[in-house]
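Note sheet for the following structure.
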Amino acid sequence: MKTTTLRARAGNGAATRQRSVAAAARAAAKRADKAQRSAQGIGRVITVEPPQVEEPRRDEGERTAERQHRSGILSAVLAVLVVAGLVVTATLGWHYREAERTRQARTQALAVVRDAAPVILSYDYRHLDKDFAAANRYLTGSFREEYGKTTTTLVAPTARKYQGVVKATVAKPPAGGPPAVSVVSGSPDKVVVLLFMNQVTTSTKVSGPRLDLNRVRMTLTRTDQGWKVSAVDAL
């Protein structure tokens, strides 16, 4: 009887211990599972999406105003470019016209001076009035007045006294060719010309004809009557 009781108690004790071990194992498993979930929660990165903000929708009037504004800016830029182009074109055109006028002035002045220089620088005591009148047709401005005073007070009395005759011609190269005349400077209304002149003088003061080789600078000015000599300088 005792033996049976002891065995029963021993069996009950063993069963109790097994239940305790199983309960402890389940409790440990729960703690491990909880710890694992906690660890997984800590390791996750939570991404917060920024709130979506919708841009305010513009109505058709605003879009039209913006297009008009851009169109106005483009029109202003194009207008500036057009004006700049016109200015450049006008400037280039003006320079071209001035250059062409200057070229024509040089050609015309050279043609006039080739005829004028021999007349202005020549005279004959036998018909001084005629010679001086012919020269006057080529002169203008203050130089015309100066020429009249000089010929009246100095040249005419000396020429008559010594029977002076001066024959002036534009020098030509020994080998032939155009007269030695060149333009020093020119503009549409004024041209300065350099001439090489031969002047042959006869008078009672010299034993025979005397040849003088002179360099003369003449300034020609455009007038209503054409190109006229406004200055003569001996060099």
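The values are calculated or read from the model by the stated rules, or taken from the named source; none is laboratory data. Small disclaimer: the values here were computed from a predicted structure and weren't measured. Don't worry about glycine lacking a Cβ; one is built from the backbone with ideal geometry, like all the others, and counts go over all protein chains shown. These accessible areas exclude ligands, DNA and RNA; they are computed on the full protein's heavy atoms, side chains included. Shrake-Rupley method; radii C 1.70, N 1.55, O 1.52, S 1.80 Å.
Quick one: would you say Asp115 is under 27 Å from Leu220 (Cα atoms) and surrounded by 12 or more Cβ atoms within 10 Å (Cβ to Cβ)? Answer is no for this residue. Cβ separations smaller than 6 Å between residues 6+ apart or across chains give the following pairs from segment 117-136 residues that are within 9 Å of Ala168 (Cα to Cα) to residues that are open to solvent by 20 Å² or more (accessible area, probe 1.4 Å) and charged (D, E, K, R): Ser122/Lys167; Tyr123/Asp131. Could you check, for segment 172-192, whether at least one of its residues is modelled with pLDDT of 95 or more, in a strand (DSSP E or B), under 16 Å from Val119 (Cα atoms) and β-branched (Val, Ile, Thr)? There is no residue in segment 172-192 that is modelled with pLDDT of 95 or more, in a strand (DSSP E or B), under 16 Å from Val119 (Cα atoms) and β-branched (Val, Ile, Thr). Of all the numbered requirements in (1) at pLDDT below 95; (2) open to solvent by less than 40 Å² (accessible area, probe 1.4 Å); (3) among the acidic types (Asp, Glu), Glu62 misses one, and that requirement is (2).
Taking the conditions exactly as written (loosely packed, with under 13 Cβ neighbours inside 10 Å and on the phi < 0 side of the Ramachandran plot), does Pro179 satisfy them or not? For Pro179, the condition - loosely packed, with under 13 Cβ neighbours inside 10 Å and on the phi < 0 side of the Ramachandran plot - is not met. Tell me the residue from Tyr96, Tyr125 that is over 18 Å from the mean Cα position of the chain (by Cα), open to solvent by 40 Å² or more (accessible area, probe 1.4 Å) and among the aromatic types (Phe, Trp, Tyr), please. The unique qualifying residue is Tyr125. The set of residues from segment 182-215 being open to solvent by 40 Å² or more (accessible area, probe 1.4 Å) and among the aliphatic types (A, V, I, L, M) comprises Val184, Val200, Val206, Leu211, Leu213.
In segment 146-164, the residues that are closer than 9 Å to Ser203 by Cβ form Cβ pairs under 8 Å with partners that are of a type in the set (Phe, Trp, Tyr) and open to solvent by less than 90 Å² (accessible area, probe 1.4 Å), at six or more places apart or across chains, as follows: Ala159/Tyr123; Ala159/Tyr125; Tyr162/Tyr125; Gln163/Tyr125; Gly164/Tyr123; Gly164/Tyr125.
Residues of segment 74-127 that are aromatic (Phe, Trp, Tyr) and either farther than 29 Å from Leu154 by Cα or not in a helix (DSSP H, G or I) (or both): Trp94, Tyr96, Tyr123. Counting the residues of segment 193-235 that are among the β-branched types (Val, Ile, Thr) and not in a strand (DSSP E or B) gives 2. Per this entry, Val155 is not counted among residues that are closer than 13 Å to Leu110 by Cα and either within 45 Å of the chain's Cα centre (by Cα) or in a helix (DSSP H, G or I) (or both).
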